[in-house]
1. When the Cα centres of region 77-92 and region 28-57 are compared, how far apart do they sit, in Å?
2. Return, in residue-number order, each cysteine of the chain whose C-beta is not under 4.7 Å from any other cysteine's C-beta.
3. What number, in percent, do you get for the relative contact order of the chain if the mean sequence gap of Cα pairs under 8 Å and at least 6 apart is divided by its residue count?
4. Once each part is reduced to its C-alpha centroid, what is the distance from region 97-112 to region 115-139 in angstrom?
5. Would you kindly state how much longer the chain becomes between residue 61 and residue 18 on full extension, computed as 0.36 nm times their sequence separation minus their alpha carbon distance, in nm to one decimal?
6. Using alpha carbon coordinates only, what is the Rg to Rh ratio of region 30-78, with Rh defined as the Kirkwood radius?
7. Over 13 Å, how big is the tail of the calculated P(r) for region 3-44, in percent of all Cα pairs?
8. Taking the Cα-to-Cβ direction at residue 131 and at residue 79 and moving 7 Å from each Cα, how far apart do the two end points lie in nm?
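Just so it is clear, none of the values below were taken in a lab; they were calculated from the coordinates. Only a predicted model underlies this, so the values are computations on that prediction, with no experimental measurement involved. For neighbour counting, all protein chains shown are included, and Cβ atoms are generated from backbone atoms with ideal geometry for every residue, glycine included.
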Amino acid sequence: MKRVWMLPMLFVLCGVGAATALALRGDPGTAAVLLPLFVLFAAVNSPVVFPRSITAEEARRRSAEDGRPVVFWRPGCAYCLRLRLRLGLGARRLHWVDIWRDAAGAALVREANDGNETVPTVLVAGRAHTNPDPAWVREQLPHSR
């Protein structure tokens, strides 16, 4: 199993375990509420919520061509999820790099953040910005596209 799916699968397994325990103790109503919540947590922490990741090299190349920012992220990061959700449909216009899947992307993030893999790190015009405000990121999108 790939590392990016470990957290979502852990949420699902914990939800199934907790729901089963509650149902066996005679509380199926709570179990019926709890399991969907765990599945929801799994979904929002999965790679499915984020646009398809590309390599750091490809993202930088595309960004140089179209001027769109590059977002370095990782599954399970609450700040990355906040950025993604606050950007809404505009998130699809950014280039997303999962640092757990791309060693070069992780290295770039460490270089920009004093050796730490702090995400989201957004690259705009070759300059890294760590955990920027989503409204600011939205302003960095080219308006002509």
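1. 14
2. When partners are defined as cysteine Cβ atoms under 4.7 Å apart, the chain leaves 14 without one.
3. On the way: 212 pairs, mean separation 32.7, N = 145.
So the answer I get is 23 percent.
4. 13
5. Result: 10.9 nm gained on full extension.
6. Numbers: Rg = 16.0 Å, Rh = 13.1 Å.
Looking at region 30-78, the ratio lands at 1.22.
7. On the way: 399 of 861 pairs.
Percent of Cα pairs beyond 13 Å in region 3-44: 46.
8. Going from the residue 131 label point to the residue 79 one covers 0.4 nm.
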